[in-house]
1. How long are the three semi-axes of the equivalent ellipsoid for segment 410-533, computed from the Cα gyration tensor as the root of 5 times each eigenvalue, in whole Å, largest first?
2. So how exposed is residue 141, as accessible area in Å² (1.4 Å probe, rounded to 10)?
3. If you wrap a convex hull around the Cα atoms of segment 167-263, how much volume per residue is inside, in Å³?
4. Any chance you could run the full-extension gain for residue 198 through residue 156? It's 0.36 nm times the residue separation minus the Cα-Cα distance, nm to one decimal.
5. Roughly speaking, what is the centre-to-centre gap between segment 260-291 and segment 447-463 when only Cα atoms are used, to the nearest Å?
6. Keeping all protein chains in the complex and leaving out DNA, RNA and ligands, what accessible area do you get for residue 252 with a 1.4 Å probe, in Å² to the nearest 10?
7. Per 10 Å bin from zero, what fraction in whole % of the C-alpha pairs of segment 204-351 is there, up to the bin with the longest pair?
8. Using a 1.4 Å probe over the heavy atoms of the protein chains, calculate the carbon and sulfur portion of the accessible area of segment 394-533 as a whole percent.
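The values are calculated or read from the model by the stated rules, or taken from the named source; none is laboratory data. Please read these numbers as outputs of a predicted model, since none were measured by experiment. Please note that ligands, DNA and RNA were not included when accessible areas were found on the heavy atoms of the full protein model with its side chains. Shrake-Rupley method; radii C 1.70, N 1.55, O 1.52, S 1.80 Å.
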Amino acid sequence: MTSTGDPKNLLITLNPQIFLHFPSLSHLSSLIFPPKKIPRNHHLCSPLCLSIISVSLSLLILIIFLGISAPFFRPISQNSSPLFFASLSAIVSDSNEDQPTLSRSAMAPLPDHGIARNLSEDERRFWQQPDGEGYRPCLHFSIEYRKASERISREKNRLLVVRLSGGLNQKRNQIIEAVVIARILEAALFLPVPEFSEIFDAEHLRKTLQADVRVVSVLPSMYLASRAAVEAQIPHNVPPFWIRARFFKQLDEEGLLVLKGLDSKLSKNLPPDLQKLRCKVAFHALRFAAPIRELGNRLARRMWIEGPYVAIHLALEKDIWIKTGCLTGLGSEYDEIIDREREFSPDFLTGMLNMSSSLRRLAGLCPLNALELARLLKALGAPKDVRIYIAGEQPFGGSRALEPLVAEFTNLVTKEKLVKEGELAPYINRSSVLAAIDYTVSLSSNVFLPSHGGDMARALQGHRAYVGHRKFIRPSKSAMLPFFDKASSISDAEFSSIMKKLHRGSQGQPEPRTNKRDRDVIAYPVPECMCNH
């Protein structure tokens, strides 16, 4: 962030941690100038003399203090990244003795950009970040939770083993639930190194959660020959007492429990401490492995260096069209391909089985195609030359699927275009790693827009909220699409006004999870994991 140069817009920020172990001035003076024994025949200094010495000493101490603490001072503008204030607040508010480095363990985006002065009012409003209302991360666990941690974090005789499956965000969700289930069952958690460490930093997860659950990456010898059955039949939306009633005795007797298919199995409405644990895992413990993190940040800096940018997560792959039962918008030849494959895999179709494709679209069940995305961005005031990072897999239809978006916004970028020769070579055909790179670049964007709901969209919605409520445009599909269909009878100015009005409350501002039932705390971290006091 570059300063505007106006002294009134500058704040001197100070890391409060430097005061925690800094000696008082009186103690410091005694360290610098040890007291000497005054001879009996020594004439005492006059009061004026003592005052002069005191002032001189204070000035000397101040100079020394400023020299020591200079690295901790940093001038920033009032428009600085909300992440800085979020992490600063987390340091101040995080008083739990068992998590002294929690705030610094968060996977953080690059700092937000300021708003350029030569933008139109529409463009300025497009880049403007939502009001975070003072919400900051605050993971204060109860005394009861922390007392139980002393025993649970040392558990060695009861082991929960988790089998991971699916893509990046499915694995991420399963790990979050696995940690919470291990805590409920008072067990140590085994995460297999090969499939976990390919994407995530295993040692960082272990250290971050050392006060909550014991995480091991090597199976103890007593279990190497075990033939424990794999438990996969867990219903959706189960509460903690169901988990304990079903598995606690078995784990106690056998010492080993193997679970798979944990995605979205626990209730969304857990007790406060377990909700906070979910956030601690999602936003602090689950950090990508160093090579992935470094490459993702490198690409984000290449986007960031040229100014603000938008990240769009496209969900236009073939399997998305098959599952949603929607038309691609690419013409009959493409829709026929999807229809044929859907006939061979009828179980793929999710929900509302008796609805036609047009009704599904109007109900908001279909992903926005490139034409709809282009019209929405234009209506919301996106500059014509805006840089757009496209996250996601290759869309069905290839470059043809993106033509309407390219026609309106020519400055489209993908990770394949951003990388230098050889940078992406180790990760070709490793879809979860490529998704992690997209996640990192998207997290650092000034504006994020998903074309469809899903695990990636929910994860980034919550993560962007947690690091300072970065702008997240959630398309109000069911409300806006009828206007898309009659746009020819509406002027551009009126259409733009309607779109802005419809999305006024969908900009990434704080939304309490408790406003609606069964919202995921990972997507809506307010109020369990963030507070504004």
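1. Numbers: eigenvalues 166, 115, 32 Å².
Sorted largest first and rounded, they come to 29, 24, 13 Å.
2. Result for residue 141: roughly 10 Å² accessible.
3. Values: hull volume 10.6 nm³, N = 97.
So the per-residue hull volume is 109 Å³.
4. Values: separation 42, 0.36 × 42 = 15.12 nm, distance 2.57 nm.
Contour length minus the Cα-Cα distance gives 12.5 nm.
5. Going from one Cα centre to the other spans 17 Å.
6. Around 100 Å² of this residue is reachable by solvent.
7. Here the calculated profile for segment 204-351 is 8, 20, 25, 27, 16, 4, 0.
8. Numbers: 2900 of 5850 Å².
Carbon-and-sulfur percentage of accessible area, whole number: 50.
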